[in-house]
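For reference, the structure discussed in these notes is given below.
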Amino acid sequence: MSELSTDPTQSGPVSPAEVPLPASLAPKPSSKTLRQRTSVPLQAYRFAAVSLRMMSMIRKSHH
Amino acid sequence: MARVVILGAGISGHTAAQHLQRLLGKKGHEIVVVSPNSQWNWIPSNIWVGVGQMAKEDVTFPLAPVYAKMGVDFRQAKAVAIWPEGDASSERAQVEVEFTSPERAGQRERIEYDYLINATGPKLNFGATPGLGPDGHTVSVCTYSHAEEASKKLQEVIARMKAGQRQRLVIGVGHGTCTCEGAAFEYTFNVEHEIRQAGVRHMAEIVYFTNENELGDFGVGGMSFMQQGFVTTSQLWTESLFRERDVRWILGAHAHRIEEGRIHYETLDGEDHVLDFDFAMLLPPFRGADLQAFDKQGEEITGDIFAPSGFLKVDADYTPKPYDQWRAEDWPKTYVSQKYANVFAVGIAFAPPHQISVPRTSPKGTVITPAPPRTGMPSGIMARAVAESIAEMIEGKASSPEHHASMAEMGAACVASAGKGWTKGTAASMTMFPVVPNYQKYPEYGRSLKDTTGELGLAGHWMKTLLHHMFIYKAKGRPGWSFIPE
Ligand SMILES: Cc1cc2nc3c(=O)[nH]c(=O)nc-3n(C[C@H](O)[C@H](O)[C@H](O)COP(=O)(O)OP(=O)(O)OC[C@H]3O[C@@H](n4cnc5c(N)ncnc54)[C@H](O)[C@@H]3O)c2cc1C
């Protein structure tokens, strides 16, 4: 990256060496959840469920 | 016999052309499409072009043969001005176009119309932030050629990381009034996925740079949805993904100017900052196509028909009012011009009455609020409704537009890719109903909890891929296209 980026003698705002991870209370997924997100049989079922849900919403949107 | 002229062959203009041709084509009426680009582009998949997972040919097809087969008159040209009352030599309304096809480049022509649909989409307003865009110091994925360039630059960054240099990638929006944060979100996670696949994730600092006040706002004021018996927010849900994939975020930001490798920006608290980058994909703010309009005497009336943003004013309530007085009824239903009963605007081309997200301004007076998104599904639905209204009026079945497609009465499905791959891909599948919250109907959350949902997983990636093929099939007018919903 640019050598200027963290130069403390530079006037005006300075680009951080690293953008800090903002504070957040959002839960991180467990390894089980992550596995489920790419499990082919489970996701095949979710595909069907999400498709039905979307179709129902799409039907309501066409007047 | 009537002539309908459609300006623009994107998602909304092409949808309108297909339905008008279906409804009127065999009855001797004429459908004319004017659009400067010879190709149709499935814009949502430009994200995949931007990470090198698809080629330009996968997301485009030439329009001329499709229109020839459909019986639609296609002029490769851009509209520059409209004469809704005709001019001194003709009573008939007309639109002036300038050809962009190689054979006729620069030539001008006037096309008379009985009905006009403005579906010119967004003008990519890179000029709003000095240094923004492919002619400046950042890349974009708004067009397929921008996306190809973004992919090339991304490969260079990956090569540098492989050579041992740590790199900062900034992805987001390049102005405080941008919209389309969903696309920036998608590109962020596709880039993160590609970098991980390349084995150099530890060398990359990825920063999402946005005008949203909180993650998950997406220009629609965020969403609430039910998950495992709790009502959660799109903010919490999105933050969870950012934490999981170690993507940093900067909120409420307006880029004032961009230099080579450096963004100068202000945040909602009024503070000025700089951020250095090695790669930046920042979306531009949008404005209308900046068409001019003239009355019969040749006096300019652009300001009567178009909002200052260049978008066409339709049957919305544009009275300026504070946020707490915004109502679902402010949003247009039929998309007919306020001034001319035979002029319509659909998709991004109509002027929204106000934002959907809470409006915010920094202490210095800088507006930092996402503009309302008009995504693919609503753009298609309103185009179809307008096509049906016009067909009925031409056939004498109605005297005014009767088909409604208010964004406060329709939902949107948004499948945001978070990485491509048949077994390793993921996407966020979101639905919201309605797009514009209606607190009269849904007092607690503004939207239906049953139809507002969010889910992350491989199924979303399959869905996104299916939608890619389905919509290109539909746009090509292949058998059964009209059964595929907008
Ligand atoms: C990178 C990206 C990703 C996106 N991903 C999604 C997604 O996953 N899901 C989703 O729902 N939406 C997505 N969107 C939004 C979606 O692309 C838009 O909602 C949609 O394209 C709007 O349709 P439109 O017809 O209004 O405009 P466009 O599709 O942009 O079409 C405008 C047309 O007008 C033409 N035109 C321009 N100027 C003139 C002129 N002067 N005269 C005549 N013609 C003119 C253009 O050439 C073009 O053919 C994404 C957008 C971007 C930029």
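Annotations for the structure displayed:
- Residue order for B:168, B:478 - accessible surface, 1.4 angstrom probe, largest first: B:478, B:168
- Cα centroid separation, the stretch B:410-455 to the stretch B:221-291 (Å): 19 Å
- Size descriptor, Kirkwood hydrodynamic radius, that averages inverse alpha-carbon separations across the protein assembly as shown, Å: 24.2 Å
- Rounded accessible area per residue of chain B, 1.4 Å, Å²: 37 Å²
- Minimum 50 Å² accessible area buried by the other protein chains, the stretch A:41-63 residues, probe 1.4 Å, relative to alone: A:43, A:47, A:53, A:54, A:57, A:60, A:61, A:62, A:63
- Taking Cα atoms only, the orientation of helix B:234-244 departs from the longest principal axis of chain B by about 40 degrees.
- HN-Hα J in Hz across the stretch B:62-73 - Karplus 6.51, -1.76, 1.60, θ = phi - 60°, x for Gly and Pro: x, 7, 3, x, 5, 5, 4, 5, 6, x, 9, 7
- Solvent-accessible area assigned to carbon and sulfur over the stretch B:211-356 amounts to 47 percent, based on a 1.4 Å probe.
- Between the stretch B:460-486 and the stretch B:16-45, the alpha-carbon centres lie 16 Å apart.
- Summed buried accessible area for A+B [probe radius 1.4 Å, Å², rounded to 100]: 4100 Å²
- Value of Rg/Rh across chain B [Cα atoms, Kirkwood radius]: 0.96
- Long pairs among B:333/B:476; B:78/B:123; B:123/B:296; B:69/B:397, criterion Cα-Cα beyond 19 Å: B:333/B:476; B:123/B:296; B:69/B:397
- Cα-only Debye scattering, the stretch B:331-387: base-10 log of I(q)/I(0) at q = 0.27, 0.28 Å⁻¹: -1.10, -1.15
- From the alpha carbon centroid of the stretch B:341-387 to that of the stretch A:34-63 is 28 Å.
The values are calculated or read from the model by the stated rules, or taken from the named source; none is laboratory data. Just so it is clear, the model here is predicted, and its values are computed rather than measured. Just the protein is used for accessible areas: all its heavy atoms, side chains included, with ligands, DNA and RNA removed. Shrake-Rupley method; radii C 1.70, N 1.55, O 1.52, S 1.80 Å.
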